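Here's the structure we're looking at; comments come further down.
The values are calculated or read from the model by the stated rules, or taken from the named source; none is laboratory data. All values derive from a computational prediction rather than experimental measurement. FYI the Cβ positions are ideal-geometry reconstructions off the backbone, even for glycines, and counts take in every protein chain you see. When the accessible area is computed, the model is the full protein with side chains, heavy atoms only, and any ligands, DNA or RNA have been set aside. Shrake-Rupley method; radii C 1.70, N 1.55, O 1.52, S 1.80 Å.
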Amino acid sequence: MINKDATGHVSGRSVYLDDIPVLKNTLFGSVIGSPSAHGRITHIDTSKAMELPGVVRVFTSKDIPGKNDIGGIIPDETLFAHDEVHYRSQPVALVVATDEMTARKASGLVSVKVSEMGIVTDPRVAKEKGHLLIPSRTFRMGDIQNAWKECDHIFEGRVDSGAQEHLYLETQGAYAIPDGEGGMKIHTSTQGPTLVQKIAARVLGVPMNIVEVDVTRLGGAFGGKEDQATGVAVMAALASYLLNSPVKIVLQRGDDIRMTGKRHPYSADFRIGLTADLKIKAYQAILYQNGGAAADLSPAIMERTLFHSTNAYYIPNTEVTVHSCRTNLPPNTAFRGFGAPQGMFVVESAIARAAMGLNIPAYDIQKTNLLKEGDEFHYGQIAEGVNIGKCYESLEKDFRLEEIVQEIFDFNSRKTFFRKGMALMPVCFGVSFTNTSMNQARALVHIYQDGSIGISTGAVEMGQGVNTKLSQVAARIFSIDIGRIKIGTTNTARVANTSPTAASSGADLNGNALLIASGKLLDRLKKIAAEKLGCSPGDIELKDEIVHKSGIPTDLTWEELVKFAFMSRISLTENGHYATPMIWFDKRLEKGNPFAYHVYGAAIVTVTLDCLRGTYTVDKVLIMHDFGNSINPAIDLGQVEGGVMQGIGWMTMEEVLFNKEGMMLTDSLSTYKVPDIYSAPGVLICKALETNGPEQAIFKSKAVGEPPFMYGIGAFFALQNAVRAFNPKWNPDFDAPLTPEKILMRLYGR
Ligand code: LUZ
Ligand code: MOS
């Protein structure tokens, strides 16, 4: 089953926000950002902008009829800055004009004066000053103090990982249209339609039921539209509501990059202790999360960092603390992996450090400490269906790890100006929102009189193929042609109170809700078929659009059955509600059973380094991944390939830089380098581990969106090993991204 959207995407027919035909009287908005990273607003002068022909109005915080508060978890973020600004480019005002160019031009004519205050961009400095977004949290297991005494080797170090720009192809945007009845419809590119609805209602001071949010598809999101699509959408809603006109805002790329948050940079200190036989006895880490100027999703991201801070290892004595630090940068936000990559990078660095100290390959330590069935995670969950060990065995056998090691050794012995390096990267990722209450979904299914089916769920299609997977679920349940199924837009009037499509859980949660709704309809159809055919419903089966009785095909087709059910006044509409069973978490004890299941996998990453230039190629990424029983191997492989590339980008070349004034220096693609076709691995092979998959995954097909991202972390350590092979004097540090500039310094430095 190919992705349903493939033809539309390739032919350009797929509709995105900016493709929606605009109504005649539509107005256009352009956002004015703060010229300073921290200070008090002394003056906003809109007169020059208002003089420009075509300008309709400039909105500021004073125009907000409801609450000037767009905070998702904590109410600490304004739609428009009121008296103070806390990061550069923070929205201060919105110009609305009769056309887009005029709006943009006018936004440059609004003058915002700020009396400057001190700027902090470093999370460690913020922590020192007591600038925390939320109280710090610690996860513990075992007895860390006494565990050090049992260790034969103890290593310490510091780890830094950088921000990452989402760079979704489609920038943030929204189109709000009054319905003439006091309500409005907002088309927007968001992962969280309900969040947009809720915050729009809050800011306008209206009930949620007059705001309808509709999402057709997104041109990528990667977490960047979980929380941060809301601001722009609510601005469009506000202007539309106050002017009683359709209002459209689409951010220009530069504004989008400057105004929105990124993956959180983290800085960390670790201490790791091992016994002589390489068992990790103790692991302690303190992480400083650079949250930016407002909480956004930082509290949840902090939590996932804590959950995944020991990656795929069992470490009996663990203590990990995360400080969520407030800085004068755009509020950092969800990004594929959601804090897990940052936490895993620290423990992998600790293992790499220990391996260098002991002069052994890191994979010897990795292998010795992999999780086993029944092990306890440091947050109390018991590991079930563990197959990280199997993944490692398969890497060794199927990909001939020993030969790769030998080849690299031989190559490096030739002492040219090139060196090769290799690293293994295991992954263990928990599936479920860490916030238990978010793990729910609903689906609405209509069977129409002609046998075609319309489905609405809370899932947002963002290129990941969730609509294809949902179609497959319904087609399988009813055993009908997939062409009969249409997945509708994600719309808050059809499916309410939805969780954002995030946490790799879109297909699991919405697919299970769809399964429940479809199951109810199927039972009803079987019952009416049994009446017609004079048997019991248990004898009825629907197979390939034909009603079967006791395993034998009858004359009754799917279309006739549906028609008959309708004529018999049987309801052909159902709603399904799914809430992931058996998950819970006690934040007081920091223990529980937060995840429905875990996704496992492991990768070999090899690189070749040009030691004259500091440039490199990723040669091979060889993956053994646990998909469970994949419902759509083509889509899942696409997620693996994309995730790996994005992970490699984060670890090796994507570098977000700010100057001391909090001004972003990398706000275009000429200064912010993302992986292109030339940086793609020469070989990427992903094999599926043979497993059944867990009950709670949809049709036992495991969630796949985020886990593969973390294979990219292997590229950092592979490069590090290549540098060490050239410059044995180098005392390796852990400072990602490992860009060509940084590598060059390390090839010839200490
Ligand atoms: N979003 C969220 C996420 O709100 N909660 C999560 O646990 C999560 N995990 C991964 C990605 N997005
Ligand atoms: Mo997310 S990082 O919005 O799954």
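Treating the Cα atoms of the stretch 594-750 as identical point scatterers in vacuum, please give the log10 of the normalised Debye intensity I(q)/I(0) at q = 0.08, 0.12, 0.21 Å⁻¹, two decimals.
-0.29, -0.60, -1.23
Go through the stretch 719-750 and name the chymotrypsin sites (Phe, Trp or Tyr not before Pro) that are in a DSSP coil and have 14 or fewer other Cβ atoms within 10 Å of their Cβ.
Tyr748
If you wrap a convex hull around the alpha carbons of the chain, what volume per residue comes out, as a whole number of Å³?
That works out to 166 Å³ per residue.
Give me the number: length gained by fully extending Lys48 to Asp277, i.e. 0.36 nm times residue separation minus the C-alpha to C-alpha distance, one decimal in nm.
Working it through step by step, the gained length comes to 75.1 nm.
Using only the alpha carbons of the stretch 172-237, what is the convex hull's orientation-averaged projected area in square nanometres?
3.8
Which percent, nearest 5, of DSSP beta bridges in the stretch 152-244 are antiparallel?
Counting DSSP beta bridges with both partners in the stretch 152-244, the antiparallel share is about 55 percent.
What spacing in nm lies between the two simple spin-label points modelled at Leu612 and Glu373, each 7 Å away from Cα in the Cβ direction?
Placing both labels 7 Å along Cα→Cβ, they lie 5.5 nm apart.
Computed FRET efficiency, Cβ-Cβ of Ile2 and Glu402, R0 35 Å: what is it to the nearest 0.05?
0.40
Can you send over the carbon and sulfur percentage of the accessible area for the stretch 280-350, probe radius 1.4 Å, protein chains only?
Answer for the stretch 280-350 is 44 percent, counting heavy atoms of protein chains only.
Compute the distribution of all C-alpha to C-alpha distances in the stretch 1-52, in bins of 10 Å from 0, and list the percent of pairs in each, rounded to whole numbers.
Going from the shortest bin to the longest, the percentages are 15, 26, 20, 20, 15, 4.
Averaged per residue, what accessible surface does the stretch 440-579 expose to a 1.4 Å probe, in Å²?
Each residue of the stretch 440-579 exposes 40 Å² on average to a 1.4 Å probe.
Compute the Rg/Rh shape ratio of the stretch 39-82: radius of gyration over Kirkwood radius, all on alpha-carbon atoms.
Ratio value, two decimals: 1.07.
Take Lys660, project a point 7 Å from its Cα along the Cβ direction, then tell me which residues of the stretch 121-161 have their backbone nitrogen under 17 Å from it.
121-123, 125-126
For the stretch 305-398, run through the trypsin sites (Lys or Arg not before Pro) and keep only the ones in DSSP coil with at most 16 other Cβ atoms within 10 Å of their Cβ.
Within the stretch 305-398, the qualifying trypsin sites (Lys or Arg not before Pro) (loop, at most 16 other Cβ atoms within 10 Å) are Lys372.
Considering only the chain, what is the antiparallel percent among its DSSP beta bridges, to the nearest 5?
80
Just from its helices, what would the mean residue ellipticity at 222 nm be for the chain, if runs of 4 or more DSSP H residues each count -39500 (n - 2.57) and the sum is divided by every residue, rounded to the nearest 500 deg cm²/dmol?
-9000 deg cm²/dmol
Give me the distance in nm between label points sitting 7 Å out from Cα along the Cα-to-Cβ direction at Glu541 and Thr98, one decimal.
For Glu541 paired with Thr98, the spin-label model returns 6.8 nm.
Quick one: the Cα spread of the stretch 100-186 along its three principal axes, in angstroms, biggest first?
Largest to smallest, the principal-axis extents are 71, 38, 28 Å.
Multiplying the sequence separation of Asn244 and Ser568 by 0.36 nm and subtracting their Cα-Cα distance, what value in nm do you get?
112.0 nm
In the stretch 440-579, carbon and sulfur make up what percent of the accessible area (probe 1.4 Å)?
Ligands and nucleic acids excluded, carbon and sulfur reach 52 percent.
If you take the Cα atoms of the stretch 440-579, find Rg, then find the Kirkwood Rh from the mean of 1/r over all pairs, what is Rg/Rh?
My calculation of the ratio gives 1.00.
Checking the table Lys591/Lys700; Lys620/Lys702; Lys129/Lys367; Lys185/Lys527; Lys67/Lys660; Lys129/Lys281 against a 31 Å threshold on Cα-Cα, which pairs fail?
Lys129/Lys367; Lys185/Lys527; Lys67/Lys660; Lys129/Lys281
What full-extension length gain, to one decimal in nm, is calculated for Lys587 and Asp143 as 0.36 nm per residue of separation minus the Cα-Cα distance?
Here the answer is 157.9 nm.
Using a cut-off of 20 Å between alpha-carbon atoms, which lysines can reach Lys48, once sequence neighbours fewer than 8 places away in the same chain are excluded?
Here the lysines satisfying the reach criterion relative to Lys48 are Lys62, Lys105, Lys113.
Measure off, as a whole percent, the carbon and sulfur share of the 1.4 Å-probe accessible area of the stretch 194-240, all protein chains present.
55
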